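The values are calculated or read from the model by the stated rules, or taken from the named source; none is laboratory data. Please read all numbers here as calculations on a predicted model, not as lab measurements. Glycine also receives a Cβ, built like all others from the backbone with ideal geometry; neighbour counts cover every protein chain displayed.
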Amino acid sequence: MKLATWNVNSLNVRLPHVLDWIALEKPDVLCLQETKQEDSKFPYDALKEAGYNAIHSGQKTYNGVAILSPHLMEDVSTGIPGLNDEQKRLIAATIGDVRIVCAYIPNGQSVDSDKYQYKLGWLEALSAYLKDELARYPKLALLGDYNIAPEDRDVHDPAAWAGQVLVSEPEREAFRILSALGLHDSFRLFEQEDSSFSWWDYRMAAFRRNLGLRIDHILVSDALKNDCLRCWIDKSPRKLERPSDHTPVVLELTCA
DNA sequence: ATGGCTTATTGTATAAGA
């Protein structure tokens with residue numbers, strides 16, 4: 001089983017990249033973030049022609065999450081139960097016996113912003129929700145754009161980023177609380193190259209200079225941990241014309 | 001040198017991303 005996550009920064013713009021990528025990689029599950037379109041504009045037909053079913057929770061201009069799979073998706077839910085949130089940031093479905101949760105965690109803008117408080121509250125609600133989900137679905141994967149670089153090795157210049165949004169201690173603590181639920185950062189289950197990142201700023205020739213952050217993650221529950229075979233960041237879509245600023249993270253598992 | 005780019009919007013500048 002191959003799972004992937006990709007913040008596409010507008011599916012309207014990036015649909016050709018997504019279609020090419022699924023044709024090449026044939027993932028069993030692809031979670032998308034920042035589709036930035038209403039459900040009525042979502043390209044269900046083009047994906048169906050490519051052999052993929054899709055579920056989407058979107059809105060105009062901002063946010064929007066989707067799960068693509070050639071397999072049957074059951075028990076679809078959107079949003080975090082009990083969290084009053086206008087923003088379309090979470091969608092979940094069961095594929096086989098695996099619960100797939102696709103999340104676009106808020107960016108937070110800056111640590112002195114109201115959006116930062118919203119981010120921390122959202123992460124708290126996410127943890128509470130996942131604690132319940134894990135009790136119901138032992139095999140669970142949380143894929144998405146976390147907007148958190150968990151450790152200094154996930155940051156190109158830790159000194160320059162120290163204390164800033166995406167790396168601040170309360171955000172990293174929220175990430176550790178997710179880990180404490182028994183959700184493992186699958187990328188770190190394996191040996192990886194130094195300076196492995198999933199996002200690079202559009203400015204400053206950041207991709208060419210590898211000035212990036214690792215903020216897109218695939219966390220897996222205890223019951224899936226031993227099934228993990230390989231996890232990697234696929235930088236190839238970041239090299240295309242008009243790329244997303246994020247690139248896919250991919251996890252291969254033994255389970256069907 | 002605190003910007004640089006990209007996206008969407010009833011836009012010709014602004015907001016947001018990270």
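It is to be established whether one or more residues within the stretch A:126-138 are more than 16 Å from DNA strand B (Cβ to nearest atom), surrounded by fewer than 21 Cβ atoms within 10 Å (Cβ to Cβ), touching a residue at least 40 places away in the same chain (Cβ under 8 Å) and more than 25 Å from A:Ala223 (Cβ to Cβ).
Looking through the stretch A:126-138, none of the residues is more than 16 Å from DNA strand B (Cβ to nearest atom), surrounded by fewer than 21 Cβ atoms within 10 Å (Cβ to Cβ), touching a residue at least 40 places away in the same chain (Cβ under 8 Å) and more than 25 Å from A:Ala223 (Cβ to Cβ).
Tell me, please, whether a residue that is more than 13 Å from DNA strand B (Cβ to nearest atom), aromatic (Phe, Trp, Tyr) and touching a residue at least 60 places away in the same chain (Cβ under 8 Å) can be found in the stretch A:29-45.
No, that holds for no residue.
Find the residue count for the stretch A:26-49, including only residues that are surrounded by fewer than 15 Cβ atoms within 10 Å (Cβ to Cβ) and closer than 21 Å to A:Ala103 by Cβ.
Of the residues in that region, 1 qualify.
Does the stretch A:105-113 contain at least one residue that is assigned to a loop (DSSP other than H, G, I, E, B) and away from DNA strand B (no atom under 14 Å from the Cβ)?
There is no residue in the stretch A:105-113 that is assigned to a loop (DSSP other than H, G, I, E, B) and away from DNA strand B (no atom under 14 Å from the Cβ).
Taking the stretch A:193-246 on its own, how many of its residues are closer than 26 Å to A:Val101 by Cβ, acidic (Asp, Glu) and either part of a loop (DSSP other than H, G, I, E, B) or modelled with pLDDT under 95 (or both)?
The total comes to 3.
Can you report the number of residues in the stretch A:139-174 which are surrounded by 14 or more Cβ atoms within 10 Å (Cβ to Cβ), of a type in the set (Gly, Ala, Ser) and in a loop (DSSP other than H, G, I, E, B)?
2
Filter the stretch A:64-90 down to the residues that are within 28 Å of A:Gln117 (Cβ to Cβ) and not in a loop (DSSP other than H, G, I, E, B) and list them by number.
Listed by number, the residues that qualify are A:Val65, A:Ala66, A:Ser77, A:Thr78, A:Leu90.
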